[in-house]
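So the structure is just underneath, and the comments pick up after that.
Any read-out appearing in this document is the output of simple, stated calculations on the displayed coordinates, not a laboratory observation. Here the structure is a predicted model, which is why all the values come from computation and not from measurement. Backbone-built Cβ (ideal geometry, glycine too); neighbour counts: all protein chains shown.
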Amino acid sequence: MFAVLKTGGKQYKVQSGDTLKVEKLAADAGEKVQFNEILMLGGDTPVVGAPLVDGAAVQAEVIDQIKGDKVIHFVKRRRKHGSKRTKGHRQQLTVLRVTEILEKGADKSGVKAAIGAGSVAAVAVAAAAKPAKKAEAKAEAPKAEKKAAKADAAGDDLKQLSGVGPALEKKLHEAGVTTFAQIAAWNDDDVAAMDEKLSFKGRIEREGWIEQAKELAKG
């Protein structure tokens with residue numbers, strides 16, 4: 001069986017197992033997509049759509065996102081003060097492998113529809129996702145501030161350590177360090193881990209935080 005599908009303003013005749021390149025789709029490699037604009041199904045009893053075949057679909061797996069060969073566009077104006085302009089363009093393409101041709105039941109397959117990367121639908125989906133991410137970030141920011149404030153209230157004043165200011169104290173709080181007792185108990189592995197995590201570059205040993213913390217912890 002074969003099918004004639006439409007995508008990106010072009011028509012493609014495909015069979016199961018075929019590999020083809022179409023104008024870029026909003027999908028990642030490994031994803032499965034479904035083309036619902038089927039103009040014709042071929043086989044023992046061909047079916048021609050009017051304009052589409054009701055319930056039919058072509059499913060395919062995205063193999064890769066690539067760029068096509070460069071196309072040169074040259075314009076020359078034949079005038080006294082004419083101009084020349086050369087432009088190169090490489091079309092963005094999606095490489096697909098056709099996995100299945102459905103004669104009916106396309107709406108119940110559960111596979112997402114193939115949408116062009118530059119289509120209105122794809123742009124709308126991307127635009128809707130951005131505010132959601134921003135909202136999540138805004139929701140997390142107050143939580144982090146509350147956590148830091150809570151640590152401030154429950155812990156010691158780490159600014160008493162040599163070289164520790166408000167910014168550095170905040171970093172320590174975010175790393176879960178709020179008391180002198182915690183710092184006093186650090187071993188060589190803890191120091192190395194904290195050095196790497198907070199980019200202290202040897203400051204802990206250089207400033208003698210552990211010895212200072214031991215004294216301060218005694219009160």
*How many of the residues making up the stretch 26-54 are closer than 23 Å to residue 110 by Cα and polar (S, T, N, Q)?*
2
*For the stretch 196-213, which residues satisfy the criterion of being without any contact (Cβ under 8 Å) to a residue 12 or more places away in the chain and within 40 Å of the chain's Cα centre (by Cα)?*
196, 199, 200, 201, 202
*Test residue 216 against the criterion of being on the phi < 0 side of the Ramachandran plot, outside any loop (DSSP other than H, G, I, E, B) and over 39 Å from the mean Cα position of the chain (by Cα), and give yes or no.*
yes
*Residue by residue through the stretch 154-178, note down the ones that are touching a residue at least 24 places away in the same chain (Cβ under 8 Å), over 14 Å from residue 197 (Cα atoms) and surrounded by fewer than 17 Cβ atoms within 10 Å (Cβ to Cβ).*
154, 160, 162, 163
